[in-house]
Amino acid sequence: MIPLTRLNGQRLLLNLLLIEKVEALPDTTITLVNGKKLVVADDMEQVGQAINNRMAEIGLVGSYKRED
């Protein structure tokens, strides 16, 4: 789950596995796999960073260390 803020200031937690795409239209619009759309106050970069951070925390994204 990632924390987000609706345009009216209401906070919510969104299951990141339901996210299909994130767009700036100009407000950040999140399209879910079921076709529903959420418009949030968080900017697209913040949403992307929250998704990446949470995926790394739960082990869905690996990390690598570059060795020179």
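The values are calculated or read from the model by the stated rules, or taken from the named source; none is laboratory data. Keep in mind that this is a model prediction, so the values were computed, not measured. Here the Cβ positions follow ideal geometry from the backbone for every residue, glycine too, while neighbour counts run over all protein chains shown. Keep in mind that these areas ignore ligands, DNA and RNA; they rest on the heavy atoms of the full protein, side chains included. Shrake-Rupley method; radii C 1.70, N 1.55, O 1.52, S 1.80 Å.
Summary of computed values
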quantity: Protein accessible area in the chain, 1.4 Å probe - carbon and sulfur %; calculated: 50 percent
quantity: Cα-centred dipole magnitude for the chain, charges only on beta-carbon of K, R (+1) and D, E (-1), debye, nearest 20; calculated: 300 debye
quantity: Rounded tilt (10° steps) of 44-57 against the dominant C-alpha axis of the chain; calculated: 50 degrees
quantity: Accessible area in the full protein assembly, largest first, 1.4 Å probe, for 37, 21; calculated: 37, 21
quantity: Theoretical FRET efficiency, 1/(1+(r/R0)^6), r = Cβ-Cβ of residue 33 and residue 61, R0 22 Å, to 0.05; calculated: 0.75
quantity: Extension gain (nm, one decimal) between residue 6 and residue 21, 0.36 nm per residue minus Cα-Cα; calculated: 3.7 nm
quantity: Whole-number accessible area per residue in Å² for the chain, which is evaluated in the context of all protein chains at 1.4 Å; calculated: 74 Å²
